[in-house]
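Quick notes on the structure that follows.
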Amino acid sequence: MEHITLSFPATRTATGKALAGVVGSGDMEVLFSAAQGQTLTIDITTSVDNSEKRWKALFERLAALSSLPAGELKIHDFGATPGVARIRIEQVFEEVAHA
């Protein structure tokens, strides 16, 4: 297991918490908790070794395409592909945007 911590500038505020996926069912799990500030902190637990570059590139792409909310994002990827990861991350961001 590998543990990765990333930080990105947040460009919007959000409120509340959101969950997408359930790692116990063999799916990727993403938990988001909104916070005050200007940073999105991301904690990733992955079974895929040497994947920090992939995760960093995914969040750089997300930041370029839309605004990232301030808060804490916890990811248990269960070996998910980048496509599934993006869907789950966008799901929690959308949920807190409408809270």
Simple spin-label model, 7 Å along Cα-to-Cβ: Glu60 to Gln38 in nm?
-> 2.2
If ligands, DNA and RNA are left out, what is the accessible area of Ser47 with a 1.4 Å probe, given in Å² to the nearest 10?
-> 70
Please work out the FRET efficiency for the pair Arg12 and Asp49, using the Cβ-Cβ distance as r and a Förster radius of 25 Å; give the result to the nearest 0.05.
-> 0.15
If you bin the C-alpha pair distances of the chain every 5 Å from 0, what whole percents do you get?
-> 3, 14, 26, 28, 18, 8, 2, 0
Length gained, Lys74-His98, 0.36 nm per residue minus C-alpha separation, equals 6.7 nm
Dipole size in debye (nearest 20) for the chain around its Cα centre, Lys and Arg Cβ +1, Asp and Glu Cβ -1?
-> 260
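Tally Lys/Arg at +1 and Asp/Glu at -1 over every other residue whose Cβ is under 15 Å from the Cβ of Val30; what's the total?
-4
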Would you calculate the separation in nanometres between label points at Thr5 and Glu90, each defined as 7 Å from the Cα along the Cα-to-beta-carbon direction?
-> 3.0
Glu2 - accessible surface, heavy atoms, 1.4 Å probe, Å² rounded to 10 = 40
Tell me, what is the per residue accessible area of the chain in Å², probe radius 1.4 Å?
-> 55
Under a 1.4 Å probe, counting only protein heavy atoms, Arg12 has an accessible area in Å², nearest 10, of 60
By accessible area with a 1.4 Å probe, ligands and nucleic acids excluded, highest first: order of Arg54, Arg61 | Arg61, Arg54
Restricting to the chain, what percent of DSSP beta bridges are antiparallel, rounded to 5?
-> 70
Full-stretch length increase - Thr81, Leu19 - with 0.36 nm per residue and alpha-carbon distance subtracted = 20.5 nm
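The values are calculated or read from the model by the stated rules, or taken from the named source; none is laboratory data. Please read all numbers here as calculations on a predicted model, not as lab measurements. Cβ: placed from backbone, ideal geometry, glycine included. Neighbour counts: every protein chain shown. These accessible areas exclude ligands, DNA and RNA; they are computed on the full protein's heavy atoms, side chains included. Shrake-Rupley method; radii C 1.70, N 1.55, O 1.52, S 1.80 Å.
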